Amino acid sequence: MNKLSLLAAVLLMTACATQVTAVTDRTVVVRAGFPDMGIEKALLLADQECMKKGLSARTQQVTSPNSDRYIFECVKS
């Protein structure tokens with residue numbers, strides 16, 4: 001039973017992690033984890049995606065206070 005509880009906790013934590021949800025040539029969309037600890041973690045993930053193209057991430061839009069999505073633009077450094 002302990003192993004089952006541990007597995008459930010790990011799956012729950014993974015589902016709530018900050019993650020990249022969409023990538024285009026110039027845009028990266030990141031879903032914030034729970035609890036949302038601010039834009040810093042999302043910016044780090046977006047920057048890693050943009051660096052694959054030799055670019056840096058810049059905050060383009062915070063969708064709304066009620067949303068868990070951040071939108072970044074990949075720009076030249």
field: Residues of the range 25-52 that turn out to be open to solvent by less than 80 Å² (accessible area, probe 1.4 Å) and either touching a Ser or Thr at 6+ places or on another chain (Cβ under 6 Å) or modelled with pLDDT of 80 or more (or both), as a count
entry: 15
- prompt: Considering only residues of the range 9-24 that are under 10 Å from the mean Cα position of the chain (by Cα) and part of a loop (DSSP other than H, G, I, E, B), which is modelled with the highest pLDDT?
  reply: Thr18
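The values are calculated or read from the model by the stated rules, or taken from the named source; none is laboratory data. These numbers come from a predicted model, not from an experiment. A quick note on method: Cβ atoms are made from the backbone with ideal geometry, for glycine too, and the neighbour counts reach across all protein chains shown. With ligands, DNA and RNA removed, areas are computed over all heavy atoms of the protein, side chains included. Shrake-Rupley method; radii C 1.70, N 1.55, O 1.52, S 1.80 Å.
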